[in-house]
Amino acid sequence: MKVSIKTRIWLTVFSIVAVFTLFLMFFFPLQQEKYFLKNYNLEVENLAKTVALGVKIAMTEQNFEGVQTALDFAKADKRMRFVALVQNDAGTEPVVLNIYPENYSWVPAGTISDSLIVKQAPFDGGELKGNVVIGFTTDEITKNMKDIRLTALLVSLVVFAFGILIGFWLARTISKPVLALRDAAIKVGSGDFSPRVKEGTKDEIGELSNAFNKMVTDLAAAEEKVKKAQDQLVQQEKMASLGQLTAGIAHEIQNPLNFVNNFSELSVELLDELEQEKDPEAIRAIIGDLKVNVDKIQHHGKRADNIVKGMLMHSRAGGSEKQKADLNLLIEEFLNLAYLGMRSADTSFNCAVEKQFDPALTPFDMQPQELSRVFLNLFNNSFYAIHEKSAAEKAQNRNFSPHVTVTTKKAGDKILISIKDNGPGIPDDVRDKIFNPFFTTKPTGKGTGLGLSMSYDIIVKGHGGSIKVDSRDGQYTEFTIELPLSS
Ligand SMILES: Nc1ncnc2c1ncn2[C@@H]1O[C@H](COP(=O)(O)OP(=O)(O)OP(=O)(O)O)[C@@H](O)[C@H]1O
Ligand SMILES: [Mg+2]
């Protein structure tokens, strides 16, 4: 059960106040009454003893006025109701010798009554023996008790009201800032660093509020720093993949350039021949060859042009607009680039690449430069993995035929792309982390660990698709991408 701080403070204050009030209203008056009664009994008893002593002295001196004086001593007290001299001979009924007020029907000592306390003290007047019996009214005690009860009630009420006020104040001063802190902490937890709580009072809660504010300011600054660093790394990642690309591109461009160079050299020779040739038949043949050469030069020139355009597209900043593009072509282009890039880094690198492209996959809306970064990373990952495994298998003198299969498939309004390699696979404990930014198992300088997290963003956030991994340790890794046709 959830009990809020406010309720707890209320309950605590209320219980303390309630106990205190109960004590003031009941226990305290009861104690007082007992104390009063005890004292009163003692007082009356002592009076009886004093009078009895006076009576005894007067009687032994046969001074009957003295007896009267002794009795008067008791009469002088306003609280007295009666005073009696009672003869008490063994075996006979007590005989009242003297009683004031006259005709008062006396009550023997020890009688319990609400309004009367009766005490007696023995006297021994020689021949006459008996008791001095004194009755005192308890009116005064009753009145005192009434006053005490009334005062207790008033004090209780004041204490109760004061307690409730303190409870209210405590609940307000403690729970309000705590609630404000809770709300602010929830917001901060969800990534909003703007909330600040009011400057606190000069106590622990105030200190907590100030510490919270400082923490949020520091957090916001730290997050700003992390963001900057992250942006920088993303930029670095782009530059690094661009570097890998350049190696592939250099290789790719070299090929059409060779053609352009060879065919233009050939054409120069043909032109020299043409200058000397007289035979119209031969001249026509040379011109025909020249045309073919120029066509080839044009064709390979265009190829180089496309490669350069592709590279420019890749290096452009992300978040580009969607445009219609042929996914099969894009994948093929970057598969080749990645492969050539790998080979240019290690000329002994070899891998069978199988392409199963669905011809039904016609151009559709996508962010081609973004997707090209995804595929380049996936292909690079696969070739890197295979390269590692090849080296490991070679060291063990085992046979290994590296293999990468890339499949595209149109399935209803979805496109499925699979990239599967028979590399070392991804161990179970690593698989959960590979999409985390900066997670890499590659040595420093070889990978930033941003490839898959960036790919995830592009596929899931940019295209509303999904990217999943399936792998068996030591056997294979397969990445499957699903793209909706209408995103
Ligand atoms: N095909 C694969 N086979 C084996 N492991 C893989 C494969 N693809 C990804 N991984 C694992 O996932 C990790 C993260 O990959 P990711 O592409 O995010 O970063 P990276 O390749 O290490 O670095 P970068 O992409 O920045 O160069 C890799 O370090 C590797 O351990
Ligand atoms: Mg990578």
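Here are some notes:
- Packing around the peptides 450-457, 290-297, taken as the average count of other Cβ atoms within 10 Å per residue, puts them in this order, highest first: 450-457, 290-297.
- Note on the chain: with neighbouring protein chains present and a 1.4 Å probe, carbon and sulfur make up 58 percent of its accessible heavy-atom surface.
- In the chain, the longest principal axis of the Cα atoms and the axis of helix 139-170 are about 10 degrees apart.
- Relative packing of 91-103, 20-32, which averages over residues the other C-beta atoms within 10 Å, highest first: 20-32, 91-103
- For the chain, the relative contact order comes to 10 percent (Cα pairs under 8 Å, sequence separation of at least 6).
- Qualifying aspartates and glutamates (Cα of each under 17 Å from Cα of residue 302; at least 8 residues distant if same chain): 252, 333
- Heavy-atom accessible area per residue - the chain, 1.4 Å, Å²: 60
- Whole-Hz couplings from phi, Karplus 6.51/-1.76/1.60, listed for region 58-66; x for Gly and Pro: 4, 5, 5, 8, 6, 9, 6, 5, x
- Residue separation of residue 42 and residue 284 scaled by 0.36 nm, minus their Cα-Cα distance, works out to 71.5 nm of gained length.
- Over 29 Å (Cα to Cα) - which of 187/468; 49/78; 187/225; 324/389 fall in this group: 187/468; 324/389
The values are calculated or read from the model by the stated rules, or taken from the named source; none is laboratory data. All values derive from a computational prediction rather than experimental measurement. Methodologically, a virtual Cβ is constructed for each residue, glycine included, from the backbone with ideal geometry; neighbour enumeration extends over all protein chains shown. SASA here: full protein model, heavy atoms, side chains in, ligands and nucleic acids out. Shrake-Rupley method; radii C 1.70, N 1.55, O 1.52, S 1.80 Å.
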